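Notes to accompany the following structure.
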Number of protein chains: 2
Amino acid sequence: MAEDRHAMWQDLGMDLATHDQLCAVLPQAFGDVFLSQKNRPEGMAFWDMVVADIHGIRPAELVEAQKKGQKVFGTFCTYVPDEVVIACNGIVTGLCGGSQFWVPEGEKYLPADVCPLIKASLGARLGKTCPFFRIADEFVGETTCDGKKKMYEILASDAPTYVMQTPQMKRPKDIDSWADEIALLARNVEEVTGNTLTAEKLATAITTINARRRALARVYETRKNPDIIPISGTDALLMMQIAFFDDPIRCTEMANNLAGELEQRLADGVSVFPAGTKRILLTGTPLAIPNWKLHHIIETSGAAIVCEENCTGTKFFTNLVDESASDLPGQFHALAERYMKINCACFTPNTARIEEVLDLARAYQVDGVINTNLKFCTTFKVEAPALESALEAQGIPVLDIETDYTDNDVEQLRTRVQAFVEMLGE
Amino acid sequence: MAEDRHAMWQDLGMDLATHDQLCAVLPQAFGDVFLSQKNRPEGMAFWDMVVADIHGIRPAELVEAQKKGQKVFGTFCTYVPDEVVIACNGIVTGLCGGSQFWVPEGEKYLPADVCPLIKASLGARLGKTCPFFRIADEFVGETTCDGKKKMYEILASDAPTYVMQTPQMKRPKDIDSWADEIALLARNVEEVTGNTLTAEKLATAITTINARRRALARVYETRKNPDIIPISGTDALLMMQIAFFDDPIRCTEMANNLAGELEQRLADGVSVFPAGTKRILLTGTPLAIPNWKLHHIIETSGAAIVCEENCTGTKFFTNLVDESASDLPGQFHALAERYMKINCACFTPNTARIEEVLDLARAYQVDGVINTNLKFCTTFKVEAPALESALEAQGIPVLDIETDYTDNDVEQLRTRVQAFVEMLGE
């Protein structure tokens, strides 16, 4: 039984009665999706513990850190460089945005035809039903899509919000421009934290976050084995989702522990799926916690997800920051170069994403790709046909799924996924 | 009877049979909306003639110009600086995008939940049913919204397309960045036209386009008179819509002619609406030709539109380019400064737009504002509540209308507009 956190939530100004409704349903949802799985890696016990008290354990740590003078920065996007915040002794946290629970509140302020992630995020803040959204000293947004860009204007009327201008293209001058935005963020973080950024501190932070990238990539590496699937996609997703919230050093340690166990499973021939289970690469829009909908449907329909090409997957850890720069301008540029390699659909053109997905399909030896889109995510949706055509041209079957956070379409999706998986077996 | 243009359309590779369907309905639509109006300014005869042969007169001129070696650039947005194209002896033309006729074709390639302007534009190109989309040697896009930004990727697979990166903010460095984009566009236009840009030629082009701005503004100026409304909003809109297509020098001459006539009407007390007609400021998303839907509904519901705050209205001509710069870098910066004053919802924050709308409401002495949004235009839609609250805080009534190009909602809109106009009279 988790510790009672109501006093903390009250101190955070949360709407306790409404939040209790969420707390009442989350354990059941978690149990249905996760605990029903067989032969889970022992290393998942850490993430099970965290998620069992998702609005308690980490928020309590953040509150304690704030009491000691640390500042907390809430971020929405893998484009915001954690390194800059950490180097100023700040803490980065992910934010709530993955449940239908927060959507109706968001729709009070945003049009219904905005993606559920954006509506849930704003709803979680304005409805006072997310501790992370209460704790953060500042929110750091970016201009990666119209919906978020304009949502931040509403958020800014309620809380300190800093927005970075993400380039829309990837020319050399755009990388320079992103480096400049990172320098501006650094100045902002210095102001908020009261700490001065130095090249030495930033170098340490870069090393820390690169280590996290390596650890998460090490877990993913074990999923490439063509015969043994040592971890479900559902469990891997949970690790990734919580990586946005956790202390990066602990995240690295836990991911490395898990990777060690998975590597042993490969040596021992321990798979969580029967031999011959169809291997799926999931591509598209991010899956914020507790959005486990598609993973659960797919992995209870006779297939296994062996890779997630999205911001709660490979985009979070692929490519390291070059650690050789020794001064801040050089480090800002090295950060910009790494972050600008993320193939977000916000860029035009975004053909490198197609190459990356084809590479992932080969590297993870998948039988098919399920390309997903959160409803009303224009950028990913418009480029989907080009991606899907490129996959089909390589003989890789693709299923396109557009969905949101509701359960309305679960049975329909299950039917479609089952038909797709059956087709892969023919 | 207009000249038969079928030979030209065939040479342009158009789908004649489908295009004939459009040609068959347009005169009726034009007649219903325009020719039913009483006491129209004589100066409108020019625009009536142009629109009666909208896919003939100007396309024929463009084809002739191309035969003499001039290049035609199709543009989608008031942010693309005509001056640079004109200075290289190029021609800028607007493109088709204002009718439901083109939407189904666009929906073959784009999701249905993208704004009708974007779907119609792509549909007009790929369906081969718009001469301007066939004639243009190059299309020049911009990153003003997710839908257009990603649509250009599809367009680029079919035709030469150059995209400018519009900034997402309006800090001094963003103005510099836009100046840099204008310089890059200039290089592209030099390549396409084969002509070298000089400061002298650009200075002439700046003067030309400033003159057009002054002429269009002069027409609008006459609409500020609180007692006499010398021109309907419907007619003023037609002038604005065709300004995107016409030769800028002729446009200037015709607008000045019209302005002279309207000024005389003010002196003579000639109004096209009865005394006491409620004055409306229309704000929001652009109205591409032949989108006359809202103007027709509003002006046949007892109100008059006296100003359009959109890209087919004040945004097209407000603010002149500083003509004092004498070299290209200075001129590019002057252009950037002027264009960056357009308060597009693509910017974050976009609070200057609220101030501008309040100023327009005062200057045009309006009784109410109708704030419109094309379905699925996220940027304008998300900022609408802030704009509308600011107006209401000043005691200015606002009606919010979201619509598309179909006729499905016409009667419902008419009922809402009539109720709004009646309320203004209370």
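Looking at the calculated P(r) for region B:16-74, what percent of the C-alpha pair distances fall above 13 Å?
Values: 1209 of 1711 pairs.
That fraction is 71 percent.
From the label point of A:Asn257, set 7 Å from Cα along Cα→Cβ, how far away are the matching label points in the other copies, in nm, ordered shortest to longest?
In ascending order, 8.3 nm.
In debye to the nearest 20, how big a dipole does region A:296-426 give about its Cα centre with +1 on each Lys and Arg Cβ and -1 on each Asp and Glu Cβ?
Values: 9 positive and 22 negative charges, 41 e Å.
In total the dipole reaches around 200 debye.
If each residue of separation counts as 0.36 nm, what is the full-extension length gain between B:Asp268 and B:Lys67 once their alpha-carbon separation is subtracted? Could you put the intermediate results ahead of the total?
On the way: separation 201, 0.36 × 201 = 72.36 nm, distance 4.68 nm.
Residue separation times 0.36 nm, minus the Cα-Cα distance, leaves 67.7 nm.
For chain A, with a Gaussian network of springs between Cα atoms less than 10 Å apart, report the residue from A:Asp235, A:Asp158, A:Asp404 with the top mean-square fluctuation.
A:Asp158
Let me check the size of region B:216-352 from its C-alpha atoms; what are the radius of gyration and Dmax in Å?
For region B:216-352, the Cα-based Rg and Dmax read 16.4, 52 Å.
Among the residues of chain A, which one places its Cβ closest to the rotation axis that maps chain A onto chain B, and what is that distance in whole Å?
So the chain A residue sitting closest to the axis is A:Asp146, 2.
Amide H of B:Glu142 versus every other amide H placed in the peptide plane: which residues, excluding those fewer than 5 positions away on the same chain, fall under 5 Å?
Under 5 Å from the amide H of B:Glu142 lie the amide H atoms of B:Met164, each far enough along the sequence or on another chain.
I'd like to know how region A:1-152 sits against the 2.2 N^0.38 Å rule of thumb: what's its Cα Rg over that expected value?
Working: Rg = 16.1 Å, N = 152, 2.2 N^0.38 = 14.8 Å.
Compactness ratio reported: 1.09.
Go ahead and estimate [θ] at 222 nm for chain B from helices alone: -39,500 (n - 2.57) per DSSP H run with n ≥ 4, summed, over the residue count, rounded to 500.
Values: 19 runs with 223 residues, N = 426.
Calculated at 222 nm, the ellipticity per residue is -16000 deg cm²/dmol.
Calculate, for A:Glu422 and A:Thr207, the FRET efficiency according to 1/(1 + (r/R0)^6) with r their C-beta to C-beta distance and R0 51 Å; round to the nearest 0.05. Intermediate values should be presented prior to the final figure.
Numbers: r = 47 Å, r/R0 = 0.92.
Using R0 = 51 Å, I get an efficiency of 0.60.
Could you pull the copy-to-copy label distances for A:Asp20, with points set 7 Å along Cα to Cβ, in nm to one decimal and sorted shortest first?
7.3
Would you list the membrane-span-like helices of chain B, meaning whole DSSP H runs whose alpha-carbon atoms span at least 20 Å along their axis and whose mean Kyte-Doolittle value is at least -1.0?
B:16-30, B:172-193, B:199-222, B:248-268, B:378-393, B:410-424
Output, in nm with one decimal and in ascending order, the distances from the B:Arg214 label point to the matching label points of the other copies (7 Å from Cα along Cα-to-Cβ).
Shortest to longest, the spacings are 6.7 nm.
Hey, what's the Cα Rg ratio for region B:161-200 versus the globular rule of thumb, 2.2 N^0.38 Å? Intermediate values should be presented prior to the final figure.
Numbers: Rg = 11.9 Å, N = 40, 2.2 N^0.38 = 8.9 Å.
Scaled against compact globular proteins, the figure is 1.33.
Neighbouring Cβ atoms within 10 Å as the yardstick, rank B:Asp174, A:Asp48 fewest first. Could you put the intermediate results ahead of the total?
On the way: B:Asp174 18, A:Asp48 14.
Neighbour counts put them in this order, fewest first: A:Asp48, B:Asp174.
Running a GNM on chain B with Cα contacts under 10 Å, which residue among B:Leu216, B:Leu358, B:Leu35 ends up with the highest mean-square fluctuation?
B:Leu35
Once the principal axes of the Cα atoms of the protein assembly as shown are found, what is the range along each, listed largest first in whole angstroms?
Reported extents, whole Å, longest axis first: 91, 56, 54.
Under a GNM of chain B (C-alpha, springs under 10 Å), which listed residue has the highest mean-square fluctuation: B:Thr351, B:Thr252, B:Thr193?
Top of the fluctuation ranking is B:Thr351.
For chain A, state the semi-axes of the equivalent ellipsoid (square roots of 5 times the eigenvalues of the alpha-carbon gyration tensor), sorted largest first and rounded to whole angstrom.
Working: eigenvalues 192, 129, 100 Å².
Working through the eigenvalues yields semi-axes of 31, 25, 22 Å.
Between Rg and the Kirkwood Rh of region B:301-375, both from Cα atoms, what is the Rg to Rh ratio? The partial results should precede the final answer.
On the way: Rg = 15.3 Å, Rh = 14.3 Å.
Taking Rg over the Kirkwood Rh, I get 1.06.
A short reminder: the numbers here are calculations on the coordinates, not readings from a lab. Since this is a predicted model, take the numbers as computed values, not measurements. We place every Cβ from the backbone using ideal geometry, glycine too, and count neighbours over all the protein chains shown.
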